[in-house]
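Comments concern the structure below.
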Amino acid sequence: MDYPSKLIEDAVNQVAKLPGIGKKTALRLVLHLIKNKEENTFALTQALNKLRSSIKFCNCCHNISDTDLCFICTSHKRDRRILCVVEDAKDVMAIENTSQYNGVYHVVGGVISPMNGVGPTDLKIESLVSRLNQEQSEVKEVILALSPTMEGDTTAFYINKRIKDLTGKITVIARGVPVGGDLEYADEITLGRSILGRTLFN
């Protein structure tokens with residue numbers, strides 16, 4: 001693709017690095033920014049710069065946060081007897097949008113995937129073990145809400161092995177979520193029913 005400006009080409013190449021955005025979509029977005037008011041474009045870049053420089057991760061559950069502890073971990077309305085283990089922050093948002101869950105979370109930061117060079121030590125599994133050791137009397141159920149893929153199941157089996165003696169029961173979300181799919185793409189009704197219909201981990 002030929003560009004009328006090197007500046008446009010550089011901007012398109014950067015925008016096209018975002019997931020789900022090809023070169024044509026990136027070009028449309030860049031041209032929109034050029035046509036838009038200058039202050040709107042500056043507001044976008046300032047928001048992105050502030051995001052990268054100021055974003056934090058919760059010291060307790062590892063969810064994305066503005067402070068050292070996220071709003072879920074500090075809420076007195078959450079049921080701390082139930083802890084839901086998820087891959088990343090987008091899964092927390094997906095489950096929260098169902099309005100079917102009122103417990104707390106632990107974000108492990110991915111799944112075990114030897115082909116991609118990701119092992120158990122690359123995830124926040126040890127901090128989960130430490131957390132359950134500290135909160136053993138409080139957490140009565142751990143829900144493994146990992147994506148129903150081969151890597152997700154492998155991670156669930158590993159976590160189950162590590163924590164089976166540290167909590168009352170371990171459950172997995174019901175397989176209303178399509179096998180091989182990601183939680184972020186599941187509709188809210190399906191995901192909500194999966195949470196409500198969770199079963200014991202075997």
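Considering the conditions (1) more than 24 Å from LYS164 (Cα to Cα); (2) of a type in the set (A, V, I, L, M, F, W, C); (3) part of a helix (DSSP H, G or I), LEU69 is excluded by exactly one of them, (3). With respect to (1) surrounded by fewer than 11 Cβ atoms within 10 Å (Cβ to Cβ); (2) farther than 27 Å from HIS106 by Cα, the lone exception for LYS50 is condition (2). Kindly establish whether GLY103 is without any contact (Cβ under 8 Å) to a residue 60 or more places away in the chain, at positive phi and of a type in the set (Gly, Ala, Ser). Judged against the criteria, GLY103 is not a match.
For region 142-181, how many residues meet the condition of being of a type outside the set (A, V, I, L, M, F, W, C), within 13 Å of ILE195 (Cβ to Cβ) and either surrounded by 13 or more Cβ atoms within 10 Å (Cβ to Cβ) or free of Cβ contacts under 8 Å to residues at least 24 places away in the same chain (or both)? Talk me through it step by step, then tell me what you get.
First, pick out the residues of region 142-181 that are of a type outside the set (A, V, I, L, M, F, W, C): 147-149, 151-155, 158, 160-162, 164-165, 167-169, 171, 175-176, 178, 180-181.
Narrowing the set further to residues that are within 13 Å of ILE195 (Cβ to Cβ) leaves 171, 175-176.
Subsequent filtering for residues that are either surrounded by 13 or more Cβ atoms within 10 Å (Cβ to Cβ) or free of Cβ contacts under 8 Å to residues at least 24 places away in the same chain (or both) retains 171, 176.
Total satisfying the criteria: 2.
HIS76 meets each of the listed conditions (1) in contact with a helix residue (DSSP H, G or I) (Cβ under 8 Å, 6 or more places away or on another chain); (2) without any contact (Cβ under 8 Å) to a residue 24 or more places away in the chain apart from (1). Looking only at region 16-61, filter to residues that are of a type outside the set (Lys, Arg) and closer than 30 Å to ARG80 by Cβ; which one of those is farthest from the chain's Cα centre (by Cα)? Step by step, filter region 16-61, then rank; the result is SER54. Scanning region 169-202 for residues that are modelled with pLDDT of 85 or more and assigned to a loop (DSSP other than H, G, I, E, B) yields one hit, ILE173. Here region 132-168 is the region considered, the condition is being in a strand (DSSP E or B) and within 19 Å of the chain's Cα centre (by Cα), and the residue that is nearest to TYR101 (Cα to Cα) is ILE143. The selection criterion, being under 17 Å from the mean Cα position of the chain (by Cα) and among the small types (Gly, Ala, Ser), holds for GLY109.
Among the residues that make up region 94-103, is at least one of them in a strand (DSSP E or B), of a type outside the set (Val, Ile, Thr) and in the same structural domain as THR167 (by TED's automatic domain parsing)? Scanning region 94-103 turns up at least one residue that is in a strand (DSSP E or B), of a type outside the set (Val, Ile, Thr) and in the same structural domain as THR167 (by TED's automatic domain parsing).
Consider LEU33 carefully, then state whether it is in contact with a Ser or Thr (Cβ under 7 Å, 6 or more places away or on another chain), outside the structural domain of VAL139 (by TED's automatic domain parsing) and outside any loop (DSSP other than H, G, I, E, B). Yes: the conditions hold for LEU33.
Assess whether LEU83 counts as being modelled with pLDDT under 95 and either on the phi > 0 side of the Ramachandran plot or of a type outside the set (Val, Ile, Thr) (or both). Even if it seems obvious, please write down each step before you answer.
Working: modelled with pLDDT under 95: no; either on the phi > 0 side of the Ramachandran plot or of a type outside the set (Val, Ile, Thr) (or both): yes.
The answer is no for LEU83.
The values are calculated or read from the model by the stated rules, or taken from the named source; none is laboratory data. Since the model is a prediction, treat every value here as computed from it, not as a measurement. Every residue, glycine among them, receives a Cβ derived from its backbone with ideal geometry; neighbour counts consider all protein chains shown.
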